[in-house]
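Worksheet: one structure, shown below.
No value in this document is a laboratory result; all are computed from the given coordinates. Remember, it's a predicted structure, so these values are computed and weren't measured experimentally. When we count neighbours, we look across all protein chains shown, and the Cβ atoms used for this are built from the backbone with ideal geometry, even at glycine.
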Amino acid sequence: MLEIYWASGSPFAWRVMLAAEIKRVPYQARLLDFSKGELRTPEFLALNPRGKVPVIRDGDFVLPESLAILAYLDRLQPEPPLFGRSARETGQIWRSIADFEAYLKDPITIVNRWLFGDKPRTQELDDAWMKASAELARFELRVGSGPWLVGDAPSAADCVWFPTMRTLVRAGVRNEARTRELGLFPFAQVYPNVGAWIARVEALPGYDNTFPRHWK
């Protein structure tokens, strides 16, 4: 059986868990604990010398990196497809993934570290928030045009964007004052289209299996 090595709190591992549930691929979850150093053990480093999740093991085949794993899962079990049913859908899905990777991932990482931490506000945070808020505004418009990012079913694009959007909702639970300071609270009222899309993802079969354990 396919094994998925993941850690609660890793948005990249969450992508893979969501994809596996959408694809209905049978798998065995191997939950690792950051705080216990389980990503630095010799056994895990033999799978991924970088000491990062996600990693999958399928028999004697081992593969790290979330986007590579999404592509692998899509070929392993073609239905339902993660990367579209037409050339146009495939292009749109990859464009959406590229938008996240190129324009949102880095600034929102800085923002999330501040939201979940206790360090003072800095110019770096303000610069990152300016970039991230512009992308969030674009995303709000995009998810208002249909139930999913591309087409009429969840795709790899939804898997890529969802963990970070859901983490912003979580930030409001952990540190309401800081989310209010950035104008992110209450999230579903500030970004109603994104809030509705999050609810659709959370209603997918198997979603509860992907939910970060330390959030419960």
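Values computed for the structure shown
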| read-out | value |
| --- | --- |
| Helix-derived mean residue ellipticity, 222 nm - over the chain, DSSP H n ≥ 4, -39500 (n - 2.57), to 500 | -16000 deg cm²/dmol |
| Principal semi-axes in Å for segment 88-182 [√(5λ), Cα gyration tensor, largest first] | 27, 14, 10 |
| Unit Cα scatterers, Debye sum, the chain: log10 I(q)/I(0) for q = 0.10, 0.11 Å⁻¹ | -0.45, -0.54 |
| Net +/- balance of residues flanking residue 189 in space, Cβ distance below 13 Å, scoring K and R +1, D and E -1 | 0 |
| For segment 2-76, projected area of the alpha-carbon convex hull averaged over all directions, nm² | 4.5 nm² |
| Net charge over other residues, Cβ less than 14 angstrom from the Cβ of residue 95 (K, R count +1; D, E count -1) | -2 |
| Full-stretch length increase - residue 79, residue 36 - with 0.36 nm per residue and alpha-carbon distance subtracted | 11.8 nm |
| Net charge, residue 149 excluded, C-beta distance under 9 Å - Lys, Arg +1, Asp, Glu -1 | 0 |
| Computed log₁₀ I(q)/I(0) - Debye formula, equal Cα scatterers, no solvent, segment 132-216, q 0.12, 0.17, 0.18, 0.22 Å⁻¹ | -0.35, -0.71, -0.80, -1.15 |
| Distance (nanometres) between label positions extended 7 Å along Cα→Cβ at residue 196 and residue 215 | 2.1 nm |
| Charge dipole (debye, nearest 20) of segment 87-209; +1 at Cβ of Lys and Arg, -1 at Cβ of Asp and Glu | 140 debye |
| Residue pairs, from the table 131/216; 36/216; 23/131, whose Cα atoms sit over 26 Å apart | 131/216; 23/131 |
